Each structure stands twice: as C-alpha cells, then as structure tokens.
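> Before anything else, here's the structure in question.
The values are calculated or read from the model by the stated rules, or taken from the named source; none is laboratory data. All values derive from a computational prediction rather than experimental measurement. Cβ placement follows ideal geometry from the backbone for every residue including glycine, while neighbour counts extend to all protein chains displayed. Protein only, heavy atoms only, side chains kept; ligands, DNA and RNA dropped before computing areas. Shrake-Rupley method; radii C 1.70, N 1.55, O 1.52, S 1.80 Å.
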Amino acid sequence: MENEKGASSSTFKMGNSAQERSLPYVPHCYAVPPSYEPRDALDSKSESVPTIDISRLKGSDDERRGVIQEIRLACQSFGFFQIVNHGIDQSILDDALAVAKGFFELPAKEKNKFMSNDVYAPVRYTTSLKDGVDKTQFWRIFLKHYAHPLHRWIHLWPQNPPEYREKIGKFCEEVRILSLEIMGAITESLGLGRDYLSSRMGENGMQVMAVNCYPPCPDPKTALGLPPHSDYSCITILLQNLTGLEIFDLTAHDGSGRWVHVPEVKGVLKVHIGDHVEVLSNGLYKSVIHKVTLNEEKTRISLASLHSLGMDDKMSVPCQLVNDENPVRYRESSFNDFLGFLVKNDISQGDRFIDTLRIKD
C-alpha cells in the first residue's frame, strides 16, 4: 500500500481511512480544490447567529407570537437558529456525547460490524460520504441509524458501549418531542397552523441519527469534515462538543454571501432548516448551506437528529401558499427520493437535492 501523499482515493476505504489510521499528513484525495472551496472568502470570525428562547412558545399568547416571528425571520434570513431553554436536561446531552465518543474509541473489529456503503441500510458505519467512490473524501467517521419509532430500530443499534442504546435512545426521544414543537412553530409562522404536519410527523415521520466523529486533522486548512451541503430533512437538530460548524449567510455582502462560524455554547442546540421546509414554504424559507471544518488537536463529536415525513410520504407546496403571484416553485419529493438521489450523485462535488426539486421558470 502506498504511504505517499499522492495515494489515490481508492486506497482509503471503509475501516482503513486516513482519519481512522491517524495519518500524519492529508492525502491528496482529501484535499479540497481551491476552485471548489474558496477559502479566501471565508469569514471565520465568531458572529452572532439567531438565538431563540424556545420556552416562550409555552408562555402567553403574546410571548408565543413573539417567538413565532423570531423563527420566521431566522428561517428567512439564515435558514438556521440556535435554541436555549429547550427543556432537555444537560445530563442527557452530556451522556449522549460521551457514549457516542465511546463508540468511536472501540476497536475497529467492533465498529466494523456495522460497516456498510448502502445508503438504504437502517444502521451503517462508514467514513467520508461514499467511500472509494466520491472524487473527494472527507475527514469524518460516522454511524447513522434510524430512530423512530424507537422500538422498531433500537435492537439494531450497537450494544457497545453497554449504555449506547440507553443514552442515545433517551436523547432521541427528547429531541423528537422538541422537533415536533419546533415544526409546529414553523408551520404556524407560515400561516398553516401549528398542527399542519403534526399527524404526519408524529406517528409516521422519520428520525435519522447521524453520530459523527471528526478526528484531529494534521492540516485543517487543506481538508474538510463535510463539504458545503444542505440537509434533505424538514429540520435537523444538532448537538456538538466543539466548534466546527459553519453556515453560509446568503444575505451578506449584498447577496454574494459569506461563511459564518457558529460558536459553541454548552447546552445550546442548533436547528437547521432542511430542503423539505424550503419546499413546504414554496421558497420563502431556505435550507441552510453548511459545512464542517476541522481541528488539529481535538476530536469533534456531533449528534445530528434529522426529522422528516415518512419514508415515502411526499412533501409538497401547500395550496395555501400558492396564488397567481406565487406559483408552485418545487416538485414534491420524499425521503426515499433523497436516498435515490444520494446513490446517483456526488454531494462532494456540490450536487444538491434541492436543485433537482426547483421548477424552472
């Protein structure tokens, strides 16, 4: 096997990736081309992003209306906001991060039980996006698994560390309750009412957990943990132990945009607006483009809980948001449609699911 920096991408496959082997250099297949990732345009200074006290949704009518307006503005301008006073105990967040870290510290033999490049698999451990296939690889290891209904999937999850199912399961349950509350606020902010999607997401909706590990990278300026992308979901709720998340502010610099570094504050959760809320809003809200940068010394762990309609349940533009001035701007699609897109396309090269849904004038 080659040990030179010129090693090809096919050298680094699942279970034997550069990040898993802690290589002291970044192989060429991990180097993001300057033309694709314009780092000169990056503004990495910490800036304030919308932070919303979500507990006020349960306050007086005036308080709720105020929060709904804050969510509306955040969805329009950033497609992203942070939430405080969300009601999830800090011990649940800490335990979930700790047991996730514990999984990635297991011997390779244990983790490789879940190894799969099949995007349809309900539980899979892998690296990059599509190992040995994508033109550019990414400095990430992850475990992805379905989480709702919990009783249907939890027996497929790792049994090691011994408390993985209990701790991650509790986190999933709490975050799912929160996701329904947030989605109710989002549909209310669109004038659709808080219960517009509650039955479709409450009983039959999908929850997918992406448990991510970004090991220390010897040259963080060369590689990325994840490329710029948007999530297919309605919303994603993110917990992380370190900074690394950056979002693209479409409104900055007179519409040319810039990258904004999202600072880490203990106990704060991040909410990403996904492609299916962009469809739901008929383009009023934008799915946030985001990426993950790397740390030279520390391992970053993140738990991303993605919430959507059922596997084959189609998200479409509501008739209430359509008129002569605002025709339907998006095709309907499902989570299963996204998986089909993922099989056929290369997200590492900038392919986006939402682009396939937009109806051209």
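> Of all the residues that make up region 138-187, how many are open to solvent by 10 Å² or more (accessible area, probe 1.4 Å) and assigned to a loop (DSSP other than H, G, I, E, B)?
The total comes to 8.
> Identify the single condition in (1) in a helix (DSSP H, G or I); (2) more than 11 Å from SER189 (Cβ to Cβ) that LEU73 does not satisfy, given that it satisfies every other one.
Evaluating LEU73 over (1) in a helix (DSSP H, G or I); (2) more than 11 Å from SER189 (Cβ to Cβ) leaves (2) as the failure.
> Within region 198-212, does at least one residue satisfy the condition of being hydrophobic (A, V, I, L, M, F, W, C), under 21 Å from GLY59 (Cβ atoms) and open to solvent by less than 10 Å² (accessible area, probe 1.4 Å)?
No.
> If you take the residues of region 207-243 that are charged (D, E, K, R) and out of contact with any strand residue (DSSP E or B) (no Cβ under 7 Å at 6 or more places or on another chain), which of them is nearest to PRO27 (Cα to Cα)?
Applying the filter and picking the extreme gives ASP219.
> Is at least one residue of region 344-359 more than 19 Å from CYS234 (Cα to Cα), aliphatic (A, V, I, L, M) and part of a helix (DSSP H, G or I)?
Within region 344-359 (the criterion being more than 19 Å from CYS234 (Cα to Cα), aliphatic (A, V, I, L, M) and part of a helix (DSSP H, G or I)), the answer is no, since none of the residues qualifies.
> Out of the residues in region 220-237 that are open to solvent by 10 Å² or more (accessible area, probe 1.4 Å) and at pLDDT 95 or above, state the one that is farthest from PHE81 (Cα to Cα).
TYR232
> Let me ask something else about it. Checking LEU357 against (1) touching a residue at least 40 places away in the same chain (Cβ under 8 Å); (2) out of contact with any helix residue (DSSP H, G or I) (no Cβ under 7 Å at 6 or more places or on another chain); (3) buried (at least 16 other Cβ atoms within 10 Å of the Cβ): exactly one of these is not met. Which one?
(2)
> Which residues, taken from region 88-109, are at pLDDT 95 or above and either open to solvent by less than 20 Å² (accessible area, probe 1.4 Å) or closer than 14 Å to ILE141 by Cα (or both)? First the steps, then the outcome.
In the first step, residues of region 88-109 are kept if they are at pLDDT 95 or above; the result is 88-106.
Of everything in region 88-109, those that are at pLDDT 95 or above and either open to solvent by less than 20 Å² (accessible area, probe 1.4 Å) or closer than 14 Å to ILE141 by Cα (or both) turn out to be ILE88, LEU93, ALA96, VAL99, ALA100, LYS101, GLY102, PHE103, PHE104, GLU105, LEU106.
> Given the condition among the β-branched types (Val, Ile, Thr), part of a loop (DSSP other than H, G, I, E, B), at pLDDT 95 or above and open to solvent by 10 Å² or more (accessible area, probe 1.4 Å), answer yes or no: does some residue in region 258-266 qualify?
Within region 258-266, not a single residue is among the β-branched types (Val, Ile, Thr), part of a loop (DSSP other than H, G, I, E, B), at pLDDT 95 or above and open to solvent by 10 Å² or more (accessible area, probe 1.4 Å).
> Separate question: Name the pairs: first residue in region 191-208 and touching a residue at least 24 places away in the same chain (Cβ under 8 Å), second residue exposed (fewer than 15 other Cβ atoms within 10 Å of the Cβ) and not in a loop (DSSP other than H, G, I, E, B), Cβ to Cβ under 7 Å, at least 6 apart or on different chains?
Correct list of pairs: GLY191/GLN320; LEU192/GLN320.
> Taking region 302-351 as the search range and keeping residues that are under 30 Å from VAL268 (Cβ atoms) and modelled with pLDDT under 95, which one is least open to solvent (accessible area, probe 1.4 Å)?
Checking each candidate, the answer is SER348.
> Something else: Going by the conditions given, is GLU297 among the acidic types (Asp, Glu), in a loop (DSSP other than H, G, I, E, B) and surrounded by fewer than 23 Cβ atoms within 10 Å (Cβ to Cβ)?
Values: among the acidic types (Asp, Glu): yes; in a loop (DSSP other than H, G, I, E, B): yes; surrounded by fewer than 23 Cβ atoms within 10 Å (Cβ to Cβ): yes.
Against the criterion (among the acidic types (Asp, Glu), in a loop (DSSP other than H, G, I, E, B) and surrounded by fewer than 23 Cβ atoms within 10 Å (Cβ to Cβ)), GLU297 qualifies.
> Mind listing whichever residues of region 188-228 are under 21 Å from LYS144 (Cβ atoms) and in a helix (DSSP H, G or I)?
MET201
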